[in-house]
Amino acid sequence: MSTLHTVRCPQCGKTVEWTPASAFRPFCSKRCKEIDLGAWASESYRIPVVDDENEDGTPTEERD
């Protein structure tokens, strides 16, 4: 017995069945997939970075 796996579209939140018939999974449609790709291409998605230096230029370890 297999269970039906569903996921939420990362773009709009619509429920999507995780099957080979869902051509754009995890997205619900080509539109949502292209919106997400456009966000990556325009660098809208960013990973936060922690600087190794303080505002005055001293390394973080030497901070009192």
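One table, with the values for the structure above:
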{"quantity": "The range 1-27: number of residues that are surrounded by fewer than 10 Cβ atoms within 10 Å (Cβ to Cβ) and assigned to a strand (DSSP E or B)", "calculated": "1"}
{"quantity": "Selected residue (criterion: surrounded by the fewest Cβ atoms within 10 Å (Cβ to Cβ)) from residues of the range 28-37 that are under 12 Å from the mean Cα position of the chain (by Cα) and without any contact (Cβ under 8 Å) to a residue 24 or more places away in the chain", "calculated": "37"}
{"quantity": "Qualifying residue in the range 44-62 (condition: assigned to a helix (DSSP H, G or I), at pLDDT 95 or above and over 13 Å from the mean Cα position of the chain (by Cα))", "calculated": "no"}
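The values are calculated or read from the model by the stated rules, or taken from the named source; none is laboratory data. Values in this document were obtained by computation on a predicted structure and should not be read as measured data. Using ideal geometry, Cβ is built from the backbone for each residue, glycine included, and neighbour counts are taken over all protein chains shown.
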